[in-house]
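Everything on this sheet refers to the single structure shown next.
Each reported figure results from applying straightforward, stated rules to the coordinates on display, with no laboratory input. The structure displayed is predicted, hence computed values, not measured ones. Virtual Cβ from ideal backbone geometry, glycine too; neighbours counted across all protein chains shown.
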Amino acid sequence: MPSSCPECGSSNVVEDDLYSQRQWVCVDCGSVVSEGHLTTTVSDETQGRAVPYHASTEVLKKPCRNLIAGFSRVRALCQILGGCCVLSVCRQCNWPVAMGTIGYLLGVDNATLGTVYREFTKALNIEISTIGIMDMLESFCYDFKLGPQQVEEVFAEPPQRLVDRTSALIELAADAWIVTGRQPLPLLFAAVYLAWQSLNPTVRMKYTFVKFCKIGKAPEQSWHRSRDSVVKRLKELRDVLCKLGRELPWLRGGTVEPNTVVPLVDDILKNHRALLLRAVRNYEQQLQNESQTAQTTECDNELSDSNRSESHSSTTPELMDPDQAGCENPADKQATDCQLPPDHWSKRHLFLPPCVKNRKRQRVDAPQLEVTGDEEISDSEIESYIRSQDEIEMYLKVQKELKKMA
Amino acid sequence: MEPSNDVALDIIITNVVSVFRTRCHLNLHTIGLEGSNVIYKPEMGKVLMKLRKPRITASIWSSGKIICTGATSEEEAKLGARRLARCLQKIGFKVRFSDFKVVNVLAVCSLPFQIRLIEFTKNNRPIASYEPEIHPAASYRIKNLRSTVQVFSTGSITVTGPNVQSVASAVEQIYPLLFECQKTRS
């Protein structure tokens, strides 16, 4: 018989039966000290009982994996929404901020930002003016820290000079189909780098694009992801400059290579209109010669083709567009030309966009049938789409074999 | 289709999407087994069937709804759909060709001039939208025709609409606007 209560320590324990079950109850705190055959106390029972999963603190402290992923996604979306707000306000106040800038500051790719931005403007019914690459140019150039106090004398460049040279380069690029349809920021990087190099070529030629960004203290996230695009734009820009550089009269037809064209950029840009006219005139001359020789030597095509391409390469190979230089057979060229309407502007231009240079071959289907939609469908034709019984059996057999092997 | 002046534009229809119903349940497993030129995708709950003669790909669902893509004209789409229904009939299903409808037509057209997209967007502000960093083309939505025209600076345009007539009208409608903003060489 218990004499003291384990809960409160008093010794005032009486026997008080409940529903014909013997119980010893403490008078002071009211806890049941022991009950019939049971001899555990309340505190024993609460501590000894196994803890159910839902009551464990483990669940409260650690959210499940999906919840964590969901939270991070919502957080990212909120960040992107904030970026879109900033972008739309800047655009409405005529401050040309590029989407790529907001993208690299948030650590988000342009595509996601673009989707959210499109929905955002649709939902809020905001009309925003489009900005072109030339609008972004000035603030972009001023961002580079190339002042005389910030870098060495040979690297320093007053921002206005950089802006002027870069805008001339970008205008040239726009004529040569490098600007349209491409992301503006990689092109801006490439143009600023070439402009900086060309303003002091003797010293700056040996500095790579990455070194230039480090000199100008451009933040690494801004150009790191688009490094490949910048390299492609640099190559395209240099090729265009080479095409024009070859027309410089004082070079007398000497070779102009992409990696040595930068010192000539100054002269090329000063006279770019005249050079372009010369290049176009030479190109049209080339086309005329080609069409004449194609007409006169119709019979022995193969031999004359190889001869012609050799003679072309010896005189002025650089003026031909890359696809024509590689294409030996004039019939091939005519085939691709046929897919464009006869008066298409690309027939007369020297610089062509990639979509016109690499024309997709159109699906050559059966000739346009007069389809009424009510023709008779022959049985044999339909049979070709249905497996025969033997084929079905073979197919099931093969499936079984494959399952056995797997 | 020719616009008002004497310029002949070649509008090439590249895709016609149509739907129809077979009014009966289709056992996809049977179709996958007994049909040739079929791809059964159980994870997506559909069967892809490709026809050769009108070059058409059809997505077949077990509810009996079928979507056909790849035709180059409305009549060809109907012919292909009927051929497909006939094929399913032969396999053994009680197919009734009903509710045929052309849902989407995609066409491309090559204009003989280049286009200044920023000027075009400025002139047609709420209807046209152009975001060079998202997509290289300016998009122009014609609400009454329920068509969208995507304009590229090279002069190529792609038009999508609910039927061939609306596509043709869309090209007619947009041609003068594009003609104004063309890039003439100096």
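In peptide B:131-141, what is the residue-averaged number of other protein chain Cβ atoms found within 10 Å of each Cβ?
5
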field: Charge dipole magnitude, Cβ of K and R +1, D and E -1 - segment A:223-270, Cα centre, debye nearest 20
entry: 200
message: Taking the Kirkwood radius as the inverse of the mean 1/r across Cα pairs, report the Rg/Rh of chain B.
response: 1.11
message: Taking the Cα of A:Val154, stepping 7 Å toward and past its beta carbon, and measuring to each backbone N in segment A:168-209: which are under 17 Å?
response: A:196-209
query: Which length gain, in nm to one decimal place, applies between A:Val203 and A:Ala406 when the Cα-Cα distance is subtracted from 0.36 nm times their residue separation?
result: 66.5 nm
- line: Hull volume per residue for segment A:122-186, using the convex hull of the C-alpha atoms, in Å³ is 128
field: Radius of gyration and Dmax over the Cα atoms of segment B:77-186, both given in Å
entry: 19.0, 68
- prompt: Which residue, chosen from B:Asn123, B:Gly45, B:Pro112, occupies the Cα position most advanced towards the positive end of the dipole of segment B:36-186, where the dipole is computed from +1 (Lys, Arg) and -1 (Asp, Glu) charges on Cβ about the Cα centre?
  reply: B:Gly45
field: Student exercise, segment B:39-179 dipole from Lys, Arg, Asp, Glu Cβ charges, in Debye to nearest 20
entry: 920
- line: With +1 at each Lys and Arg Cβ and -1 at each Asp and Glu Cβ, the charge dipole magnitude of segment B:1-102 around its Cα centre, to the nearest 20 debye, comes out at 780
Theoretical FRET efficiency, 1/(1+(r/R0)^6), r = Cβ-Cβ of A:Val51 and A:Leu18, R0 22 Å, to 0.05: 0.20
field: Stokes-Einstein D (µm²/s) once Rh is taken as the Kirkwood radius of segment A:171-301 over alpha-carbon pairs, at 10 °C in 1.306 mPa s
entry: 95
field: Members of B:Lys46/B:Lys143; A:Lys214/A:Lys235; A:Lys403/B:Lys41; A:Lys145/A:Lys235 lying beyond 29 Å, as alpha-carbon distances in this model show
entry: B:Lys46/B:Lys143
query: Tell me, in nm to one decimal, what length is gained between A:Ser139 and A:Val89 on full extension, where the rule is 0.36 nm per residue of separation less the Cα-Cα distance?
result: 16.3 nm
field: Positive dipole terminus of segment B:81-171, leading residue within B:Phe97, B:Thr160, B:Ile134 (C-beta point charges)
entry: B:Phe97
